[in-house]
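Shown next, in structure tokens, is the structure this report addresses.
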Amino acid sequence: MVTPRDTWLTLQELRRVAPLVHSITNYVAMDVTANALLAIGASPAMVHAEDEVDEFVGLAHALVVNIGTLSPAWVSAMTRAAEGAASRGKPWVLDPVGAGATRYRTGVARELAGRKPTVVRGNASEILALAGASTTATRGVDSVHQASDALEAARDLARELATVVAVTGAVDYVTDGERVLRVENGDPMMTRVTALGCTASALTGAFLAVQPDALLAAAQALGVLGLCGEIAARAAAGPGTLRLHLLDALYRLDEGGIEGVRIGE
Amino acid sequence: MVTPRDTWLTLQELRRVAPLVHSITNYVAMDVTANALLAIGASPAMVHAEDEVDEFVGLAHALVVNIGTLSPAWVSAMTRAAEGAASRGKPWVLDPVGAGATRYRTGVARELAGRKPTVVRGNASEILALAGASTTATRGVDSVHQASDALEAARDLARELATVVAVTGAVDYVTDGERVLRVENGDPMMTRVTALGCTASALTGAFLAVQPDALLAAAQALGVLGLCGEIAARAAAGPGTLRLHLLDALYRLDEGGIEGVRIGE
Amino acid sequence: MVTPRDTWLTLQELRRVAPLVHSITNYVAMDVTANALLAIGASPAMVHAEDEVDEFVGLAHALVVNIGTLSPAWVSAMTRAAEGAASRGKPWVLDPVGAGATRYRTGVARELAGRKPTVVRGNASEILALAGASTTATRGVDSVHQASDALEAARDLARELATVVAVTGAVDYVTDGERVLRVENGDPMMTRVTALGCTASALTGAFLAVQPDALLAAAQALGVLGLCGEIAARAAAGPGTLRLHLLDALYRLDEGGIEGVRIGE
């Protein structure tokens, strides 16, 4: 059982440390993930030149690699940054956006997954593709599966890679191959705002910077984002207003508000 | 005469199908076009690596190519994706952003225009440049001409390319070289929000996925965007709030609201 | 003493001319800087292909170069555009994002700083790094220094480069090596919205297009942005709403409102 108080302690520490989160992410997610990281209290930096990624990851508290708009030069930088994080023992998150959609994308996602990510976060289709368990093609970047469909694949993948795997959807599952945490926050309208999955990965990076238990860090990040999505949806007339209220909610979330986080086993 | 009911039927079908719209677009437009496509009910995917564009366009319902922040590697991917769409008979939209501003840009726009786009959507200066009819340089990416100035050029271009050409401005004109539809929705404040022209092209892609008459699809997409812009402008204190209310309006637009679409001959 | 009336006259001229601001900026800042330039009344264009930057800078009223997400191909384009601006006597602004964080970044920033920028705008850590005066590493892209800590370095740098240097922070300082202007607008919540430093540089480009005194242009741009940030913060529940109210405020700012600009010596 993870209490809201546990999550509150992590969030307080995050705001105290203001971790530098090195992000190599996609063009669509750049703006909203940077804003979400700033709103929650972290310090984002988007840095992808091969000439500096290794040096930069040395300065960062955590790395987030997101393959959404990948191309060969970016993949080289991602690989190098991942190696830099792994070799320094720094936490890093892999977001295998669209794995399963094309051979190239699936190949890159698997290659990066082999470089000891601390957490892999994806939707059900992506996790199934990464685990080699899917016989259905991913439909672009949106999932055609429920998160629960991917739970067994996630558990296997977590064991195989010795990592934590988070499958997000209406309910999120986070597993290290043995334990499984369920996160029951969120609102359906969140699926109509671009890059909130990417934002979940970005926040996971920030939480990992201050919470060494990766299973807990991922679940808490997902719980906080989902809860803030719920708060935002209550005041939103549509996805435009939802997004901005979500950023406000990440900024304002306090000890009372965090009681709404629902993380169970 | 295109009735609001016709547009409503297309929009309902769009929301039912949730078409996958493969977008190769510019960095400025990534965020707002992805959000607009999600808000209206489509599924956007921004994919530009040469190693996967052809495979990806095979999964997509429609392709949108926007040259706003072009560079050689991107142009190769755009060309390959356009070929993939044309060879599979999938609809694709060309947005020749800034054609006329530089020789490179005009050349790329013309080269892509020769690859059988289903719809070309631009402002008056861009369409004039593409048609080789302008003697005035484009002023950056904003038009120095009225849409009506480009109507003849658009008609000629549509005939020459055997495509539909949409010229957007205070009034939008859509032509297949014979027929011309006028779309009279929109609000002047929309010109103060970046990438709403790109958003028009993106939505045209989504409408083409479900409406085989390209002339109609383009006019309906422009009508819906313009109408949602009007709805948003009524509640907006400036372009910041206009943008978010526009996304909300795309999400909320219903059979009653769509009565405001004004498409005529 | 710079009166609000002086700033108002510049802003009126900016809105009359609607200067074309050629921006080579980072992926995170693309959206918000384009929207801020449109909101204030300028015409932004993001153009970075080496094949067209020189021709494009010939069309523009001002150039802004921001190294936030640099990579070698982009640095080549930045260099070429900077040369094109300098050789044509067009104003250009350098934003050395993250200078000091990595050797590559510091080297590129210094190289560009040697190409006669009209204004260099950075936070204190970046200006110290550029001046070679810092012994503390920049922490990612956020400053670890107060703007006042960098004032001497800014003055030296301005003299060495024969340029205007703006150091932004809680108070902003703008200097040409002799004179120093203090700008006292802004709100702490602005640091929780991404790319507002980049936006300060972008607006400086727009002001330089119509105000030939670069010291004044930079101070006025910073004053207007800071003031609009204050106005936005009063209505904001967090950084999500702050950003959109800021865009609205840039659009709405009038002669009465501009009385709040505080530029002194």
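Here are the numbers for this structure:
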read-out	value
The listed residue being more than 15 Å from the chain's Cα centre (by Cα), under 24 Å from B:GLY98 (Cα atoms) and among the basic types (Lys, Arg), out of C:ARG5, C:ARG16	C:ARG16
Test for A:GLY84: is it touching an Asp or Glu at 6+ places or on another chain (Cβ under 6 Å) and either among the hydrophobic types (A, V, I, L, M, F, W, C) or assigned to a helix (DSSP H, G or I) (or both)	yes
Per-region count, the stretch B:208-245, residues open to solvent by 20 Å² or more (accessible area, probe 1.4 Å) and of a type outside the set (A, V, I, L, M, F, W, C)	7
Inter-residue pairs, beta-carbon under 6 Å, first without any contact (Cβ under 8 Å) to a residue 12 or more places away in the chain and in the stretch B:226-248, second among the hydrophobic types (A, V, I, L, M, F, W, C) and open to solvent by 10 Å² or more (accessible area, probe 1.4 Å), 6+ apart	B:GLY240/C:LEU244; B:GLY240/C:LEU247; B:THR241/C:LEU244
Qualifying residue in the stretch C:108-122 (condition: at pLDDT below 95 and open to solvent by less than 20 Å² (accessible area, probe 1.4 Å))	no
Some residue of the stretch B:146-155 being within 14 Å of another protein chain (Cβ to nearest Cβ) and among the small types (Gly, Ala, Ser)	no
Within the stretch B:87-102, considering residues that are more than 12 Å from every other protein chain (Cβ to nearest Cβ) and either among the small types (Gly, Ala, Ser) or not in a loop (DSSP other than H, G, I, E, B) (or both), the one nearest to C:ALA45 (Cα to Cα)	B:ASP95
Within the stretch C:221-245, tally of residues that are within 10 Å of chain B (Cβ to nearest Cβ) and over 21 Å from the mean Cα position of the chain (by Cα)	3
Failed item, numbered, when C:ASP213 is tested on (1) away from chain A (no Cβ under 14 Å); (2) touching a helix residue (DSSP H, G or I) at 6+ places or on another chain (Cβ under 7 Å); (3) of a type outside the set (Val, Ile, Thr)	(2)
Qualifying residue in the stretch C:191-202 (condition: more than 14 Å from every other protein chain (Cβ to nearest Cβ) and among the hydroxyl-bearing types (Ser, Thr, Tyr))	yes
Answer residue from the stretch A:131-186, given it is at pLDDT 95 or above and of a type in the set (Ser, Thr, Tyr) and is surrounded by the most Cβ atoms within 10 Å (Cβ to Cβ) among those	A:THR168
The listed residue being of a type in the set (A, V, I, L, M), at pLDDT 95 or above and surrounded by fewer than 22 Cβ atoms within 10 Å (Cβ to Cβ), out of B:VAL93, B:VAL75	B:VAL75
Residue within the stretch A:9-18 that is within 12 Å of chain C (Cβ to nearest Cβ), at pLDDT 95 or above, in a helix (DSSP H, G or I) and open to solvent by less than 10 Å² (accessible area, probe 1.4 Å) present	no
Check on C:GLY84, away from chain A (no Cβ under 14 Å) and either in contact (Cβ under 8 Å) with a residue 40 or more places away in the chain or surrounded by fewer than 20 Cβ atoms within 10 Å (Cβ to Cβ) (or both)	no
Which listed residue, of A:GLY197, A:GLY205, is within 10 Å of the chain's Cα centre (by Cα), open to solvent by 10 Å² or more (accessible area, probe 1.4 Å), in contact (Cβ under 8 Å) with a residue 60 or more places away in the chain and within 16 Å of A:GLY122 (Cβ to Cβ)	A:GLY197
Failed criterion for C:VAL57 (all others in (1) more than 9 Å from every other protein chain (Cβ to nearest Cβ); (2) in contact with a Leu (Cβ under 8 Å, 6 or more places away or on another chain); (3) touching a residue at least 40 places away in the same chain (Cβ under 8 Å) hold)	(3)
Extreme residue, nearest to the other protein chains (Cβ to nearest Cβ), among residues of the stretch A:246-264 that are surrounded by fewer than 21 Cβ atoms within 10 Å (Cβ to Cβ) and more than 14 Å from A:ASN185 (Cα to Cα)	A:ARG252
Matching residues, the stretch A:32-51, being acidic (Asp, Glu) and more than 7 Å from every other protein chain (Cβ to nearest Cβ)	A:GLU50
Of all residues making up the stretch B:45-68, the number that are open to solvent by 10 Å² or more (accessible area, probe 1.4 Å) and closer than 28 Å to B:LEU246 by Cβ	3
Hits in the stretch C:64-81 - residues which are of a type in the set (Val, Ile, Thr), under 17 Å from C:ILE127 (Cβ atoms) and within 14 Å of chain A (Cβ to nearest Cβ)	C:ILE67
Of the criteria (1) outside any loop (DSSP other than H, G, I, E, B); (2) open to solvent by less than 10 Å² (accessible area, probe 1.4 Å), which one A:LEU128 fails	(2)
Tabulated pairs, the stretch B:1-25, first under 22 Å from B:VAL64 (Cβ atoms), second small (Gly, Ala, Ser) and at pLDDT below 95, C-beta under 8 angstrom, 6+ apart or interchain	B:LEU20/A:GLY140; B:HIS22/A:GLY140
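The values are calculated or read from the model by the stated rules, or taken from the named source; none is laboratory data. What you see is a predicted model; the values in this text were computed from it and never measured. Glycine gets a Cβ as well: all are built from the backbone with ideal geometry, and neighbour counts include every protein chain shown. Surface accessibility is based on the protein's heavy atoms, side chains included, excluding ligands, DNA and RNA. Shrake-Rupley method; radii C 1.70, N 1.55, O 1.52, S 1.80 Å.
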